[in-house]
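*Asks:* I'd like to ask some things about the structure below.
The values are calculated or read from the model by the stated rules, or taken from the named source; none is laboratory data. Here the structure is a predicted model, which means the values were calculated and not measured. Note: ideal-geometry Cβ built from the backbone for every residue, glycine included; neighbour counts use all protein chains shown.
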Amino acid sequence: MSGKKLIVGNWKMNLTVQGASLYVHKLEKKIKTHRDVEVVLAPGMLALQSLGLQVNRRQFKLAAQNLYWKDEGAYTGEVSAYQLNGLVEYAIIGHSERRHIFHEHDKDTRGKVQAAIRHDITPILCVGETAHEKAAHETHAVLHDQIVGGLANITADEVNGMVIAYEPVWAIGTGNNATPVDVEKAAQTIRDQIAHLYGAKVSKSVRVLYGGSVSSHNAASYLTTPGIDGLLVGGASLNAEEFSVMVELAHTFNETKNLARKAA
Ligand code: 13P
């Protein structure tokens, strides 16, 4: 956990290159730069280069929504971590849409996490259970398996400082957001698992996000959930008003917490 909040907007397969640029112009005006909040935009692959030239990296960092683990070669349609190096600071890996629509398994996410780290890109590894698994009380086991599977062969040094997003599949794009109590439990499971594999120090260094139907109306409850360092926002990140409110909330909560700490 770090004091800084991390707010990531996953635009998924939305906006053209021009549309992305116009949208960032809007965000630039609306979102203030705060030292205690890191704002990351994950546009479609095509817009990464132009946005890389457009954005002020102190205001916005960029993330890829996916990458391929081989550096180069005959892999039609793929974009590698090697090619993304320098263009993005983060990459979303193992998103549930990759797992469920494109049939990615832990073996794929593991290769991608390793490739990202190899090319100086911080992975945002997504984990989360389906509705079916939740009903069967398997959340704990699913998180455990996805973390063990997604991080196998990765060293403590490499895991240090990486990001793990708890995104229950049933909460994504449904308006059915998880309760802060469930999110707190999931964050604890994630950290316990990392501590078990890599020790307490590494576990504390990992940033854990919540994602799944986050909006300006429910963001505050996750920003104050113990063990949660920020948000991974889908639909609402495409609305400049919504997204900017979340960034301001993150700053306000951090400031209040710091003031309370100083006063104590
Ligand atoms: P929504 O915020 O649209 O539910 O999407 C969440 C998500 O998948 C972010 O990666």
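*Asks:* Any chance you could count how many residues in segment 42-52 are without any contact (Cβ under 8 Å) to a residue 40 or more places away in the chain, among the hydrophobic types (A, V, I, L, M, F, W, C) and surrounded by 15 or more Cβ atoms within 10 Å (Cβ to Cβ)?
*Replies:* Step one: filter segment 42-52 for residues without any contact (Cβ under 8 Å) to a residue 40 or more places away in the chain, giving 43-47, 49-52.
If we keep only those that are among the hydrophobic types (A, V, I, L, M, F, W, C) as well, we get 45-47, 51.
Now narrow it down to the ones that are surrounded by 15 or more Cβ atoms within 10 Å (Cβ to Cβ): 45, 47, 51.
Residues meeting the conditions: 3.
*Asks:* Scanning for something at pLDDT 95 or above, within 15 Å of the ligand (Cβ to nearest atom) and either more than 19 Å from Asp36 (Cα to Cα) or not β-branched (Val, Ile, Thr) (or both), does segment 187-206 turn up at least one residue?
*Replies:* No, segment 187-206 contains no residue that is at pLDDT 95 or above, within 15 Å of the ligand (Cβ to nearest atom) and either more than 19 Å from Asp36 (Cα to Cα) or not β-branched (Val, Ile, Thr) (or both).
*Asks:* Quick test for you: out of Thr256, Thr225, Thr252, pick the one residue that is exposed (fewer than 14 other Cβ atoms within 10 Å of the Cβ), over 17 Å from Ile93 (Cβ atoms) and hydroxyl-bearing (Ser, Thr, Tyr).
*Replies:* Numbers: Thr225 fails: exposed (fewer than 14 other Cβ atoms within 10 Å of the Cβ); Thr252 fails: exposed (fewer than 14 other Cβ atoms within 10 Å of the Cβ).
Of the residues listed, the single one that is exposed (fewer than 14 other Cβ atoms within 10 Å of the Cβ), over 17 Å from Ile93 (Cβ atoms) and hydroxyl-bearing (Ser, Thr, Tyr) is Thr256.
*Asks:* Let me ask another. Take the conditions in contact with a Ser or Thr (Cβ under 8 Å, 6 or more places away or on another chain) and crowded, with 20+ Cβ neighbours inside 10 Å and apply them to Ala186. Does it pass?
*Replies:* The answer is yes for Ala186.
*Asks:* Related question: Can you tell me which residue among Ser203, Ser237 is within 30 Å of Lys29 (Cβ to Cβ), surrounded by 15 or more Cβ atoms within 10 Å (Cβ to Cβ) and among the small types (Gly, Ala, Ser)? Full working, then the answer.
*Replies:* Working: Ser203 fails: within 30 Å of Lys29 (Cβ to Cβ).
Checking each option against the conditions leaves just Ser237.
*Asks:* With segment 86-152 as the region, which helices (runs of 4 or more DSSP H) entirely inside it contain at least 1 residues that are within 22 Å of Leu41 (Cβ to Cβ)?
*Replies:* Working: elements: 96-101, 106-118, 131-135, 139-151.
Ranges flagged: 96-101, 106-118.
*Asks:* Wholly within segment 1-73, which strands (runs of 3 or more DSSP E) include no fewer than the required count, namely at least 3 residues that are modelled with pLDDT of 95 or more and closer than 15 Å to Ser244 by Cα? Step through it out loud before you land on a result.
*Replies:* Working: elements: 5-10, 37-42, 61-64.
Of the strands (runs of 3 or more DSSP E) lying wholly inside segment 1-73, those with at least 3 residues that are modelled with pLDDT of 95 or more and closer than 15 Å to Ser244 by Cα span 5-10, 37-42.
*Asks:* Given the residues Val37, Val55, which is the only one that is β-branched (Val, Ile, Thr), surrounded by 15 or more Cβ atoms within 10 Å (Cβ to Cβ) and touching a His at 6+ places or on another chain (Cβ under 7 Å)?
*Replies:* Numbers: Val55 fails: touching a His at 6+ places or on another chain (Cβ under 7 Å).
After ruling out the rest, the residue left standing is Val37.
*Asks:* Among the residues of segment 216-234, which ones are out of contact with any strand residue (DSSP E or B) (no Cβ under 9 Å at 6 or more places or on another chain) and among the hydrophobic types (A, V, I, L, M, F, W, C)? Before the answer, list the steps.
*Replies:* Narrowing segment 216-234 to residues out of contact with any strand residue (DSSP E or B) (no Cβ under 9 Å at 6 or more places or on another chain): 216-218, 220-221, 224, 226.
Answer for segment 216-234, where residues must be out of contact with any strand residue (DSSP E or B) (no Cβ under 9 Å at 6 or more places or on another chain) and among the hydrophobic types (A, V, I, L, M, F, W, C): just Ala220.
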